[in-house]
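Structure first, then comments.
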Ligand code: SF4
Ligand code: SF4
């Protein structure tokens, strides 16, 4: 089990990274708002990721404007856990990098 959720500690960047479950994400950006390290970017889902979703998830995503959270600055994550707490869909997991 390599899932790690922490609360108050500030780890060095690059040790822990957030992973977004695109089957759950609704792209409403709570994570991007709370993240102090600007890890997240809310944008249109990539075609390949969209095609990897099941029919129900594709339908749900279309209802949410095809927007999801990506983590272009995942290396900046300090594992504060704010994004995990803020995500209403429980779509974010913190894992060890690498
Ligand atoms: S808070 Fe959760 S559901 Fe909302 S955009 Fe971020 S990962 Fe997706
Ligand atoms: S754990 Fe903290 S620093 Fe890392 S992505 Fe989430 S909000 Fe940003």
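All of the numbers you see were taken from the coordinates with simple rules; none came from a lab. Everything numeric in this text was worked out from a predicted model, so none of it was measured. Cβ coordinates were reconstructed from backbone atoms using ideal geometry, including for glycine residues, and neighbour counts include every protein chain displayed.
Quick look at the values:
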| item | result |
| --- | --- |
| Hits in segment 74-98 (condition: on the phi < 0 side of the Ramachandran plot and near ligand 2 (Cβ under 8 Å from one of its atoms)) | 74, 76, 77, 78, 80, 82, 83, 84, 86, 92, 94 |
| Hits in segment 35-68 (condition: under 22 Å from residue 11 (Cα atoms) and surrounded by 16 or more Cβ atoms within 10 Å (Cβ to Cβ)) | 35, 37, 39, 40 |
| Pairs, first at positive phi in segment 23-46, second surrounded by 22 or more Cβ atoms within 10 Å (Cβ to Cβ), C-beta under 6 Å, six or more apart | 27/68 |
| Listing of helices (runs of 4 or more DSSP H) fully contained in segment 35-98 that carry 2 or more residues being touching a strand residue (DSSP E or B) at 6+ places or on another chain (Cβ under 6 Å) and closer than 15 Å to residue 16 by Cβ | 82-86 |
